[in-house]
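Asker: First, the structure itself, so that you have it in front of you.
Please treat every number below as a calculation from the coordinates, not as lab data. Predicted model only: the values in this text are computed from it and were never measured. Positions of Cβ are generated from backbone atoms using ideal geometry, with glycine treated the same way; all protein chains shown enter the neighbour counts.
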Amino acid sequence: MSLVAPQGKSVIPFGDTFMNQYRLHTEPFESYPEFDDAGDLWTADFESWQGEIPKTVTIKDDFIAWVQQSLNTVQNARLTINGDIGGQGSATRKAIQSFQRGKSLPLITNGPVCRDTETVLTAAVGGGFKLKTVPGPEPAGQTFYVNIPLQVPLGDAKSMTGIFIPEKYCALPQVDLIVFLHGFKLRSHHPTFSIDTYWTLPKFRLRDEVNASGKNVILVAPTLGPQNQEGSLTCSGGFDRFLERVVEALKLRGPYASQPVTPTIRNIILASHSGSGNVMRAIAMGKDASVAKIQELWAFEPSSMGSAAIWKTWAAPPQKAKLFIYFRSGNAGEALCKGLKVGSMTRPGPVVCTTNITAERTTVDHDEVPMRLLRARIAAAPSLVAKSTCARKKSPTVPFLRKGAPRAGEVPFNLFHSMQPHSSSSRSDFEWTNRRDGFETSQEEAYEAIPLSTGSHEFETTLPAVPSPKTIALFNTDLNAPYFGGNFNFRYNGGSNEAWITYNTYLSYTKSFPDPDKARLIKNLEDAILVWDSCAEIQVKDVAGNYNDRIRLRFKLNIVKDKRNANKRTQVHPNGTRSVFFIDKDRETVMRDLNIFIGSPKNVLVHELGHVWGLKDEYKDRWISMKLSLGHVGPNSPLINDTRSIMNVAYDDKGEFRTRFFQHFGRTILGAFWGLKQYMIPVRFGGKVVAHNVMGRIALRKRNISGDPPYTADQPPFNTVFTHIQIAKRA
């Protein structure tokens, strides 16, 4: 759908669900006078929605309207599409609970629809909730608003999150965010106000202070309830989901909209005012993955934050994030610090309450504390960079190294591993392309230069160069995996929080198959890749013993037309035949090719992709097959008893990942950190340093094919929460 905006404004289309059969008479956000006469601007097509739909519908909450539409689609709930979830026992809540029971999800009675339900509902209808953004006026820089769903009881306020990008912002591939949680809606902050009105009030002009700080940071502020009701922000996965949608919005509008690169989040500062201290506490002490990126917490004149005991536990090592409290005499912030310090606080200036927690008295008016102190707090944050130091360099062309080819100017190291991934490999060298070599376009045939995201090439690097750690980009490699049949592209851009493993393949059909059968197979292959995607992360250990650097493993399928760009051929056979002449019928195989069948199901393809990544079969088979097969762990391996492993016989939805699957990826990523002092851990013997290590560990982000959360404790004897890895070099 295309939208016609008021003169001088632009509007982003927000998905093809909305057309013009029924017209909504609610403006996007009522605070904009230019939208006052735009009653017909936002339109919606309810053709696929069931139930009684009046021709004029006021949508209370876009997200709940999507939930209602989706439930009508998947279970014929016949709900009225009005965006109102209602109270306990409402028709919408009953329909949600019916869906949750059918999918074995946790039931909600009167809370928000959390991420687990949203994810399953998205899969059921084949599409998720679409964001929409609108621009906002003043101050210098860029402000826009996005309808990120938090399901907060807002009354007449609008469900919107404000995003402010300061003037002269430098669009780096990794962004730093300040997430600000406003206080109770009292006095000048009226309960009907949304964030767009809040930060234009004289006492809450936060955006001007971000501009004045000179730091390259983006301010994000959701609209909370009148008494700081946070909705789904504190659901399990809720803060992660919120930030994912912030990044999505940055790609829709702002300096990243014109770039091929999707930014990733580097550092987060979580700030609160007044009554939102408890919301900040719940997020900071939660289990979401993005909590690890929080560098500082700022509590501006909190009215509640919880007990001193829980904050003392939070602040204990290995916690690295810091909490700064600004309080007025006699208020909750002072009481909290006294409880931690166990003593008087008469001395002026900052007071160290306990490790990682500092408090300071202020005489500023309660409402003005954030605005008056924000600029200095931003300027003092060591995790934020100044705009004046931003590198404005054009993203370079990144070369891929073809497997087995010599490297010009490479930096070799003879390394020994304390944990070998397998015993059959004779390769003991660990090598990577150094900083200079990795970003020069070589004239030698060893390199194939691929421009970034042009759309004219069948595989791309997608992320620009960033400072150390080193960047590793390898074409058609197996990374010294357990099974030599692994072939894929590997890319880790130094400093990123993601590493990409891409399977480039072209499809070869051994007979003519109907197009629907081909489409179904490709869909199964794509779904199998999604099972692997983000299933594990590599956590790098620094010299202080912390694991703050976490690199998620991303897996991607790329179907190419030119076989020269393929890692493997995917050969598709008829059902009931042999993929290889010496293998039983209907058995997929991975050797030089990935041999599958036109009817191969998703879960079987998940297993076969494990071979593409370089993993061996672990199931019990005929002795001769286990003994002679190069792709099997062997008859004497204890792993043949790990029957819940997806590389064993667990082909159902509860087939489980294992941290051991990812050791070759992990050691490769550790190589990117070699030579950085904060990661080089010395090995001493007889009072002398005899070697240096870079150490890390592998952690799962998914338990199984269904995507359930990983175990929080070891499941002996095969399933450990962490697998520790290292690379080393003699001194």
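Asker: Which loop chymotrypsin sites (Phe, Trp or Tyr not before Pro) in the range 60-124, with loop taken from DSSP, have no more than 15 other Cβ atoms within 10 angstrom of their Cβ?
Answerer: none
Asker: Ok, one more. Between L252 and N636, what FRET efficiency follows from the Cβ-Cβ distance if R0 is 56 Å, with the result rounded to 0.05?
Answerer: 0.50
Asker: Still on this model: Order of C170, C114 from fewest to most other C-beta atoms within 10 Å?
Answerer: C170, C114
Asker: Order these by the 10 Å Cβ neighbour count, fewest first: H273, H190, H611, H366.
Answerer: Values: H273 28, H190 14, H611 23, H366 17.
Fewest to most other Cβ atoms nearby, the residues stand as H190, H366, H611, H273.
Asker: Related question: Past the 20 Å Cα-Cα mark, which pairs from K293/K320; K130/K158; K158/K185; K94/K287; K470/K702?
Answerer: In this structure, K94/K287; K470/K702 exceed 20 Å between Cα atoms.
Asker: Name the trypsin sites (Lys or Arg not before Pro) in the range 554-606 that are in a loop by DSSP and that have at most 13 other C-beta atoms within 10 Å, would you?
Answerer: Those that pass, being in a loop and sparsely packed, are K561, K585, R587, R592.
Asker: Moving to a separate point now. With a 10 Å Cβ neighbour count serving as the proxy for reagent exposure, in which order, fewest first, do R550, R241 appear?
Answerer: Fewest-to-most Cβ neighbours within 10 Å comes out as R550, R241.
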